[in-house]
There are 2 protein chains.
Amino acid sequence: MDRSLDDVVLSTTLDLLADLTPDRVTLDEVASRTGRAKTTLYRRWATKTDLILAAVRSLGSPPEVERLPDRGSLRADLLAVVDSAWLGGPTRRLVLFAGLGAAARSVPGLREVVDAAVTEPYVDIYRRLLLRAIERGEVPERVASSVDVLAAVIPAMSSHRLESGGVTPGRDYYVAVVDDVVLAAVRGAAG
Amino acid sequence: MDRSLDDVVLSTTLDLLADLTPDRVTLDEVASRTGRAKTTLYRRWATKTDLILAAVRSLGSPPEVERLPDRGSLRADLLAVVDSAWLGGPTRRLVLFAGLGAAARSVPGLREVVDAAVTEPYVDIYRRLLLRAIERGEVPERVASSVDVLAAVIPAMSSHRLESGGVTPGRDYYVAVVDDVVLAAVRGAAG
């Protein structure tokens, strides 16, 4: 297996997913951009779908799964995840996620791969941050019963905006979701 | 145009979307279930995608867009939307939405049609319910600045769960989103 072929081709595929409409992400275009022979690519990835799924699997998962941020407050921790340097930082990452959202409309199996690699790990990260804030006494114990639903808010609102096909949301959108939804709901949690 | 053909075929297509994996929703299956000749169906809808998009367009939009519920409290209004009789009531409607979510993974253009017919009208309904609760003094004026983001919470959390591919959420899930996220965030809204 030629590892460098994989690295170059998969990162080029991700660049195309971030920059273009999915219809234009083709094996021909990737071959042309990487200077590789189409036949070389076709031997390794039989279809455009195989190539795109391999590219998304190459992303790995958010690094916060392994190293939970610890900035001293729930708000700082949540924003540390939003501002993570993963995949080139927030701006680049959101553009890529928007491209993946668009591609998921037409590439079979892509949503499942994105959910498993990205969405589910993020829900897990937010769940653990909420539970830790309860443990250290920053958040009232009574919020424990709504942690599962609150942990899904940021990923759900992110997908909602990224898949609406409009302008890719910026950091402001995530700050509003953190402050006006998640932290407001934590403050207003019924007894 | 044979209206009754459309009615029978499109409602059968919706039943199949609700009951089956999208791969099994085929013109052959619809022809077989409706007792119509395949050639008749093919003349009207050239492809499975055309048929599915037509079926979803035949749903119309949530009736609450035209008649906003008015039950006297924001919570009762939000739950009236959740409990709406539209499309056969909550259980049938959620099963259908789950089927549409699954089908949107492989049917080109379906997500855009579902967003326009279902998701966007729901965001508009929740936005108007929140604004009306502010107007009648039930909800503090300072929540006005977060109405746009709060209005998207229920549709976003609904899509998140319906598209995760697991068990179709029941009424309990929506009650938790209403109580533990939307109403909690309204109570906890910062000044």
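The values are calculated or read from the model by the stated rules, or taken from the named source; none is laboratory data. Predicted model, so just to flag it, every value in this text is computed and none were measured. FYI the Cβ positions are ideal-geometry reconstructions off the backbone, even for glycines, and counts take in every protein chain you see. With ligands, DNA and RNA removed, areas are computed over all heavy atoms of the protein, side chains included. Shrake-Rupley method; radii C 1.70, N 1.55, O 1.52, S 1.80 Å.
Assorted remarks:
- Single unsatisfied condition, A:Ser158 versus (1) away from chain B (no Cβ under 13 Å); (2) open to solvent by 10 Å² or more (accessible area, probe 1.4 Å): (1)
- Breaking point among (1) open to solvent by 20 Å² or more (accessible area, probe 1.4 Å); (2) over 13 Å from the mean Cα position of the chain (by Cα), for B:Leu74: (1)
- Qualifying residues in segment A:99-112 (those that are part of a helix (DSSP H, G or I) and open to solvent by 20 Å² or more (accessible area, probe 1.4 Å)) - the one nearest to B:Val113 (Cα to Cα): A:Ala102
- Helices (runs of 4 or more DSSP H) lying entirely in segment B:1-94 (those with 1 or more residues that are under 25 Å from B:Thr119 (Cβ atoms)): B:3-19, B:48-57, B:74-82
- Flag for A:Ser146 being within 11 Å of another protein chain (Cβ to nearest Cβ) and open to solvent by 20 Å² or more (accessible area, probe 1.4 Å): no
- Segment B:165-174, residues that are over 14 Å from A:Val153 (Cα atoms) and either within 10 Å of chain A (Cβ to nearest Cβ) or open to solvent by less than 20 Å² (accessible area, probe 1.4 Å) (or both): B:Gly165, B:Pro169
- Residue under evaluation B:Ala80, criteria (1) surrounded by 14 or more Cβ atoms within 10 Å (Cβ to Cβ); (2) within 13 Å of the chain's Cα centre (by Cα), criterion not met: (2)
- As for segment A:107-115, it holds no residue that is over 11 Å from the mean Cα position of the chain (by Cα) and more than 13 Å from chain B (Cβ to nearest Cβ).
- Among residues of segment A:8-33 that are assigned by TED's automatic domain parsing to the domain that holds A:Thr49, those with a Cβ under 7 angstrom from a residue that is of a type in the set (Asp, Glu) and open to solvent by 20 Å² or more (accessible area, probe 1.4 Å), sequence gap 6+ or separate chain, pair up as A:Leu16/A:Glu29.
- Residue in segment A:130-139 that is touching a residue at least 40 places away in the same chain (Cβ under 8 Å), away from every other protein chain (no Cβ under 13 Å), open to solvent by 20 Å² or more (accessible area, probe 1.4 Å) and under 21 Å from B:Ala152 (Cβ atoms) present: no
- If you filter segment B:137-152 down to residues that are assigned to a loop (DSSP other than H, G, I, E, B) and among the small types (Gly, Ala, Ser), you find that the one that is farthest from the chain's Cα centre (by Cα) is B:Gly137.
- A:Asp115 vs. criteria acidic (Asp, Glu) and either open to solvent by less than 10 Å² (accessible area, probe 1.4 Å) or outside any loop (DSSP other than H, G, I, E, B) (or both): yes
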